[in-house]
Amino acid sequence: MDYPLLTSFSSTNRSLFLFLFLFVLLNTCLLLPNPGVAVAEDESSAVISRFQQYLQIDTAQPSPRYQEAADFLISQAKSIGLESQIIEFAVGKPLVLLKWAGSDPTLPSILLYSHTDVVPVEQHKWAYPAFSAQLDSHGNIYARGAQDMKCVGMQYLEAVRRLKSSGFQPVRSIYLCFAPDEEINGHDGAEKFADSDIFKTINVGIVLDEGLASPTEKYRAFYAERSPWWLAIKATGSPGHGSRLYDNSAMENLLKSIESVRRFRASQFDLVKSGLKEEGEVISVNMVFLKAGTPSPTGFVMNVQPSEAEAGFDIRVPPTADPEALERRIAEEWAPVSRNMTYEFKSKATVYDKFGRPLITKTNSNPWWVLLEEAVRKANGKLGKPEIFPAATDSRHFRFRGLPAIGFSPMANTPVLLHDHNEFLNKAEYLKGVEIYESIIKAYASYAEHASNEGTKDEL
Ligand SMILES: [Zn+2]
C-alpha cells in the first residue's frame with residue numbers, strides 16, 4: 001500500500017523521495033546517539049564507578065579503614081534516601097545499618113547482610129594494585145573484595161536504588177547491614193549484632209549473606225556451612241637413642257595417627273572425586289602443623305628420638321555429619337590413650353543451633369528459598385541445587401538463633417577467586433547481579449504472608 005503523500009509523485013520522483021527519506025532516517029539512527037541507550041550506558045557506568053569507589057577503600061585486615069567505608073556507605077544511603085545508623089559494638093569497628101521501611105511493620109523484616117572487611121593481599125603477585133579497582137579491556141574489575149564481598153554489598157544498594165526510583169513500595173521492611181570483622185571470626189561484628197537488642201527490635205525474618213562465584217552459568221546458593229574444628233593431637237613416649245628400634249616412641253605413635261587421619265581424608269575425598277558428594281557435604285581434614293624434634297643450634301639433634309610430638313588439623317564438619325561419631329573416631333583412632341596420646345580442640349564450632357537442631361536453613365517447604373528460586377528465574381538467571389558452604393561465614397551467627405539464612409552471591413561464569421591473587425569480577429556479571437537482587441528484594445519485600453503461613457521462625 002502506498003502512502004497517500006507519495007501518490008502524487010511520479011515513480012522516479014517517488015524512488016528519489018524514498019531514497020532521501022531512508023537516507024535521513026538511517027542518519028538519524030546511526031549518527032545521532034539513541035537517547036535511551038545513552039541513558040542506560042550512563043547509568044551503568046555510574047553503577048560501576050560506585051562499585052569501584054567502594055573497592056578502592058582499603059579495608060584489609062588487620063587494619064581495615066572502617067570509618068572511610070562507613071562514610072562512603074552512609075553517603076550512598078543518603079543519595080538513595082534510606083535511614084541510616086552506625087553501631088559500634090567494639091571501638092573503631094562501625095557496623096552500618098540502613099533501613100527502607102515497609103508498609104506493614106508487623107511483618108518480620110528482610111536483612112541484606114554483607115561484611116566490609118577483606119583479607120590481606122600479597123601485592124607483588126597481583127597484576128594491578130589490589131585497591132585500584134582497575135577495569136581491564138575485558139571488562140574485568142580487579143580488586144580485593146571484588147568477589148568477597150563488596151560486590152554483594154553494593155549490589156544490594158544498587159538494587160534498592162533502582163526499586164526506589166521505580167516507585168516500588170516494600171511491604172516488609174528491608175535492612176542493609178555492613179558489618180566489620182567477618183574475616184577474623186565476626187566476634188565484634190555479626191556475632192554481637194545478632195545478640196544485640198537492636199537486632200531483636202528489627203525483627204528479622206530472613207537473612208541473605210554471601211555465597212561463592214560459580215564457574216558455570218548457574219548461580220550457587222547455600223543453606224548451611226561446615227563448622228571448623230581445629231584439632232591438635234599430641235603423642236608422648238620414651239626418648240631414646242636415634243639408633244634404637246623400640247615400640248611406643250612419640251614419633252611412632254604420632255605417625256600411626258597421621259596415617260589413620262590420612263586414610264579417613266582419602267575416603268572423604270574419594271566421595272567428592274566420584275561425584276557422590278559435593279565438597280561441602282563431606283568432612284574435610286587437612287594437616288596444618290607438625291611439631292616435633294629436639295632443637296639444636298644447627299637445626300635438630302639427629303641422634304635423639306624425642307619424647308613428644310604434635311600435629312594439628314583443620315577439620316570441617318558439615319551439619320549433616322554425625323559429630324559424636326567423629327569425636328569417637330578422634331578419641332579411639334586418632335589420639336587413643338592406648339598409644340599415650342591426648343588431644344585438644346583449639347577451636348570447635350557447634351553444628352547445632354541454640355535449640356539443639358542441626359545448623360541448616362531448610363530448602364524444601366521454606367517460602368524464602370522458593371521465592372529466591374523464582375526471583376532468580378524471573379530475572380533470567382539459573383540456580384544450581386542447594387549446597388553446603390565449605391568454609392565459615394557470618395550466616396552461622398543467624399542460623400544459630402534459629403533464623404533462616406541463605407548464602408548467595410550472584411556471580412556466574414566466574415572463577416572462584418575469593419582470598420586469591422588477582423580477585424576480579426566482570427562488570428557485565430556485576431550488573432546482571434544487580435538485576436537479580438532487584439528481582440529477589442522485590443519478591444521478598446512483597447511477600448505479605450503472616451507468620452502462620454511462613455511457619456514459625458523456629459521452623460524456618
Ligand atoms: Zn566473605
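The values are calculated or read from the model by the stated rules, or taken from the named source; none is laboratory data. Predicted, not measured: the structure shown is a model, and the values here were computed from it. So basically every Cβ, Gly included, is an ideal-geometry build from the backbone, and we count neighbours across all protein chains shown.
Number of residues in region 26-71 that are modelled with pLDDT of 75 or more, assigned to a helix (DSSP H, G or I) and hydroxyl-bearing (Ser, Thr, Tyr) equals 5. The single condition among (1) away from the ligand (no atom under 16 Å from the Cβ); (2) closer than 19 Å to residue 405 by Cβ; (3) part of a helix (DSSP H, G or I) that residue 107 does not meet is (3). Selection of first residues in region 153-168 that are of a type in the set (Asp, Glu) and of second residues that are surrounded by fewer than 24 Cβ atoms within 10 Å (Cβ to Cβ) and not in a helix (DSSP H, G or I), restricted to Cβ pairs under 9 Å at least 6 apart or on distinct chains, gives an empty result. Can you tell me which of 429, 423 is within 30 Å of residue 125 (Cα to Cα), within 16 Å of the ligand (Cβ to nearest atom) and either small (Gly, Ala, Ser) or at pLDDT 95 or above (or both)? Within the list 429, 423, the selection yields 423.
Residues of region 92-114 include at least one that is of a type in the set (Lys, Arg), buried (at least 18 other Cβ atoms within 10 Å of the Cβ) and in contact (Cβ under 8 Å) with a residue 40 or more places away in the chain.
Conditions (1) free of Cβ contacts under 8 Å to residues at least 12 places away in the same chain; (2) within 15 Å of the ligand (Cβ to nearest atom); (3) within 13 Å of the chain's Cα centre (by Cα); (4) over 26 Å from residue 276 (Cα atoms), marked per residue:
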site	(1), (2), (3), (4)
366	no, no, no, no
374	no, no, no, yes
392	no, yes, yes, no
403	no, no, no, yes
406	no, yes, yes, no
413	no, no, no, no
418	no, yes, yes, no
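Of all residues in region 316-343, exactly one satisfies the criterion of being among the β-branched types (Val, Ile, Thr), out of contact with any helix residue (DSSP H, G or I) (no Cβ under 8 Å at 6 or more places or on another chain) and under 26 Å from residue 393 (Cβ atoms), namely 330.
Quick check on region 131-177: of everything there that is outside any helix (DSSP H, G or I) and within 12 Å of the ligand (Cβ to nearest atom), which residue is farthest from residue 406 (Cα to Cα)? It would help to see each step written out before you state the result.
Keep residues of region 131-177 that are outside any helix (DSSP H, G or I), which gives 131-149, 166-177.
With the extra rule that they be within 12 Å of the ligand (Cβ to nearest atom), the set shrinks to 144-149.
Values: 144: 23, 145: 20, 146: 20, 147: 17, 148: 16, 149: 15 Å.
Top of the filtered list is 144.
Of the candidates 163, 176, the single residue that is at pLDDT 95 or above, more than 24 Å from residue 60 (Cβ to Cβ) and either in the same structural domain as residue 111 (by the TED database) or surrounded by fewer than 20 Cβ atoms within 10 Å (Cβ to Cβ) (or both) is 163.
The conditions are (1) over 29 Å from the mean Cα position of the chain (by Cα); (2) in a loop (DSSP other than H, G, I, E, B), and residue 320 fails exactly one of them. Which is it? For residue 320, the failing item is (1). Within region 197-218, residues that are at negative phi have Cβ atoms under 8 Å from residues that are among the charged types (D, E, K, R) and assigned to a helix (DSSP H, G or I) in these pairs: 205/454, counting only partners at least 6 apart in sequence or on another chain. Considering 134, 155, 169, the condition of being modelled with pLDDT of 95 or more, under 27 Å from residue 414 (Cα atoms) and in contact with a Ser or Thr (Cβ under 9 Å, 6 or more places away or on another chain) is satisfied by 155 alone. Based on this model, can you work out whether residue 238 counts as small (Gly, Ala, Ser), in contact (Cβ under 8 Å) with a residue 40 or more places away in the chain and buried (at least 21 other Cβ atoms within 10 Å of the Cβ)? Against the criterion (small (Gly, Ala, Ser), in contact (Cβ under 8 Å) with a residue 40 or more places away in the chain and buried (at least 21 other Cβ atoms within 10 Å of the Cβ)), residue 238 does not qualify. One residue stands out in region 115-130 among those that are outside any loop (DSSP other than H, G, I, E, B) and buried (at least 19 other Cβ atoms within 10 Å of the Cβ): the one that is nearest to the ligand (Cβ to nearest atom), namely 115.
Note down all Cβ pairs under 6 Å where the first residue falls in region 325-353 and is closer than 16 Å to residue 236 by Cβ, the second is in a loop (DSSP other than H, G, I, E, B), and they're at least six residues apart or on different chains. Partner pairs satisfying both residue conditions: 340/237; 341/335; 343/335.
Within region 343-378, the residues that satisfy the criterion of being of a type in the set (Asp, Glu) and more than 30 Å from residue 332 (Cβ to Cβ) are 373, 374.
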